[in-house]
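The values are calculated or read from the model by the stated rules, or taken from the named source; none is laboratory data. Fair warning: this is a prediction, and the values are worked out from it, not measured in the lab. All Cβ positions, even for glycine, are placed from backbone atoms using ideal geometry, and neighbour counts span all protein chains on display.
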Amino acid sequence: MATLFIPLTVMPTVLKIAVPVPMHRLFDYLPPAGTKLETVTPGVRVEVPFGRRRKQGILLEITDTSDIAPERLREACRIIDTTPLLSGTDLRLMRWASHYYHHPIGEAMSAALAAVLRKGESAEPETRRRLFATGFPHPDTLANLRRAPRQRELFIRLQQSANGLAANDLVTPATDFSGPARALISKGLADWRETAQKPFPPDPAATHHPQIGGDSACPPLTLNAGQAHAVATVTAALGNYQAFLLEGVTGSGKTEVYLRLTQEVLTRGGQVMILLPEINLTPQLEARFRARFNAPIATFHSALADGVRRRAWLSMQRGESAILLGTRSAAFTPAKSLGLIILDEEHDSSFKQQEGFRFSARDVAVMRARLADVPILLGSATPSLESLHNVQLGRYRLLDLPYRAGNAAKPRFQVLDIRAQRLNEGISAQLAGHIKDTLARGEQALLFVNRRGYAPTLICHDCGWVAPCRHCDTHLVIHARDQRLRCHHCGLEQPIPAACPDCGKTTLQPLGLGTERVEAVLNDLFPEARVARIDRDSTRRKGSLERLLKEIHAGHINLLIGTQMLAKGHHFPGVTLAGILDVDAGLYSTDFRAGERTAQLIIQVAGRAGREEKPGTVILQTRHPGHPLLLPLVRNGYPDFARACLLERQSAGLPPYTHQALWRADALDSRVAQRFLDDVATHAASLGETTVLVLGPVPAPLARRGNRYRWQLLLQSDRRSSLHALLDRLIPAASGWELARKVRWSVDVDPVDLY
Ligand code: ADP
Ligand code: ZN
Ligand code: ZN
């Protein structure tokens, strides 16, 4: 009689590791020989053999199960960290984000780690060096530094800082004091010293922190009723999750609310994370926070040097920094004792990452607040329809600041019908008249143009030829200043031709308006005025935006022209006239969000006008003065517009009432990309998920870019769970297809741009 013999294999301890590779799974490894497992916690980095190379992964779980036979498991090379870099909450957030955005867990994880940590460098504390002014200040010292204003500025700052300055205080996007620091050291005026880390929490009473280069000190203001209510309500929620939407008109004092709440959290020993859409806004907010708090503030965004970001990241993770100011990429920065998240300009689409890991920093931040059990405050003058919808559903609590703080009155809107008008390079006689009056009163005017460059393209008046891009389905933009034609999509550049390449005539003319062209005509019309242009071209060089802003504030500029950049969050107290040259471009677009975006833009531009005692006027040039969107907006304001717009979305079955994912594919051969998405659509249909609408594939709005043909497939459902269930089955299936390797493809959950 045979005895049944079941081999008893004891499964060894298995490390489940997120490895940064484009695969939707964890990888199993054995611990390195001799590892004391009691000392290993999820959240540490682990170096593992991967194929023939080594990679840095993050340990997510320690288990004793694996789908791989024990003898085939490989051993990890080494455990890099002694203490975990990511906490349990951080890991849960990352797993949620990876799952929700259908992005490979290992790649999502590495997005959470500052670039430098991904390379496996040590995260151990460095010696804490701080720069101090040395010796007794001699009265002659400052005089001797007269010729070196930046050294002088730094020296004054060092003298005023009892704790010296850390290396990362020396380098900010606005200023880089590392050169002046070296010079002062070589002159014996400053020196590095090892110090104990500054105690945290900071002393909230120390509100006057000397400020060089920024505004003057920033004492707390007496809150008005709306502000006091907002502060009290969020304060009462500290310690628990609750999402708030602070809908406050521009100039209503949202920033003061942020400052007060930050103070509340700091006094309780918590850390505050503040997220902004734009790098350009961080130095301004940073200056206001530094002026108010004598607390360590870390800034984090993609324009900072790796070393600076690494220190910022670690200082939040260890609880050494009290405040983190950052952009989208900061949303995952760990914090030891997070007390509150504030996200300003929450409607801004820059919070959505448009490539790779396509997450929404706003939605990640809300989930993070929920997991960390802290409140989150989303602020905007023009909230997104998504957030307003969440208020209607009772998920977010609305706090509103309907009035401008202080003395500023609301701006007056004037819709200018330009149908029968002769325009001078886009500017009507009436608008020119308003500008003239504004300048005569010694006030500033601001004009918004939605395109940079001189003109969107070059046209031949004889045969109709329009300068095309060889590689994209788009036109080349004229850049008059450097006499070039440029493609804003692929970067192609060429000289401006003297004659039409098609018919040979010299009847080439610029078509449409860009910021450079408006700048030129304003210089012509108002030769006495000093004109500044603010767009991506004029601010490309580091520090140039700050310089321009300084000149504007000092009143050296009379006329400002700019793109989106001007509309966002900047304070221009002297501006009393704001004009939008062409409102129609935004009103008539194929994107269903165009109306919402245009309304937000109009209100944001309007928000720049008349912020102090002088009332502001906003002029909107349009050929559609009766547009159903424009009238409610200028008559009744954004909240009314938004509510009407929401009803429209609801009846059209569009987000936020439905949920979307956009599956994109591109290839050198258009048919290949199309066929891949056809297969996705067919497979989706075969899965029988009838509550998900599969629309397409269709060519992308920009159907060819950089010689690649782009197609897209839209998946839409009124049930989020159905959409995600379908994606959960589609993505692994499609990943295995042969065609999947012949196209570039991606899935964008909650896309904000259907391009
Ligand atoms: P927002 O961020 O909502 O656009 P800010 O916070 O920048 O507005 O405030 C706009 C202006 O109003 C600032 O100059 C600020 O100093 C001022 N302000 C804010 N709150 C008050 C207040 N309670 N009393 C007086 N002035 C205030
Ligand atoms: Zn021609
Ligand atoms: Zn191109």
Please indicate, with yes or no, whether at least one residue in segment 505-517 is more than 16 Å from ligand 2 (Cβ to nearest atom), in the same structural domain as Thr563 (by TED's automatic domain parsing) and of a type in the set (D, E, K, R).
yes
For segment 462-471, check the following and say yes or no: at least one residue is under 30 Å from Gly248 (Cβ atoms), of a type in the set (A, V, I, L, M, F, W, C) and away from ligand 2 (no atom under 16 Å from the Cβ). no
Filtering segment 342-360 down to residues that are closer than 23 Å to Val234 by Cα and part of a loop (DSSP other than H, G, I, E, B) yields Glu345, Glu346, His347, Asp348
Here, helices (runs of 4 or more DSSP H) confined to segment 581-665 with at least 2 residues that are modelled with pLDDT of 90 or more and either in the same structural domain as Lys568 (by TED's automatic domain parsing) or within 16 Å of ligand 3 (Cβ to nearest atom) (or both) are 594-606, 638-652
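Yes/no matrix, rows are residues, columns are (1) over 19 Å from Glu738 (Cα atoms); (2) crowded, with 18+ Cβ neighbours inside 10 Å:
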position	(1), (2)
Asp678	no, no
Val694	yes, yes
Pro699	yes, no
Asp718	yes, no
- Message: Suppose the filter is closer than 22 Å to Asp582 by Cβ, of a type in the set (A, V, I, L, M, F, W, C) and either within 16 Å of ligand 1 (Cβ to nearest atom) or crowded, with 19+ Cβ neighbours inside 10 Å (or both); does Leu525 pass it?
- Response: no
**Request:** Using the structure shown, decide if Gln564 is in contact with a His (Cβ under 8 Å, 6 or more places away or on another chain), more than 26 Å from Lys436 (Cβ to Cβ) and not β-branched (Val, Ile, Thr).
**Result:** no
What about Gly491, is it within 16 Å of ligand 3 (Cβ to nearest atom) and on the phi > 0 side of the Ramachandran plot? yes
The condition of being away from ligand 3 (no atom under 16 Å from the Cβ), assigned by TED's automatic domain parsing to the domain that holds Arg451 and at pLDDT 90 or above holds, among Glu528, Glu546, only for Glu528
Does segment 348-360 contain at least one residue that is touching a Leu at 6+ places or on another chain (Cβ under 7 Å) and not assigned by TED's automatic domain parsing to the domain that holds Ala166? no
Considering segment 490-537, residues that are under 25 Å from Lys436 (Cα atoms) and of a type in the set (S, T, N, Q), and then whichever is nearest to the chain's Cα centre (by Cα), we arrive at Thr515
Here the residues within segment 647-670 that are surrounded by fewer than 18 Cβ atoms within 10 Å (Cβ to Cβ), of a type in the set (A, V, I, L, M) and closer than 23 Å to Ala684 by Cβ are Ala652, Leu654
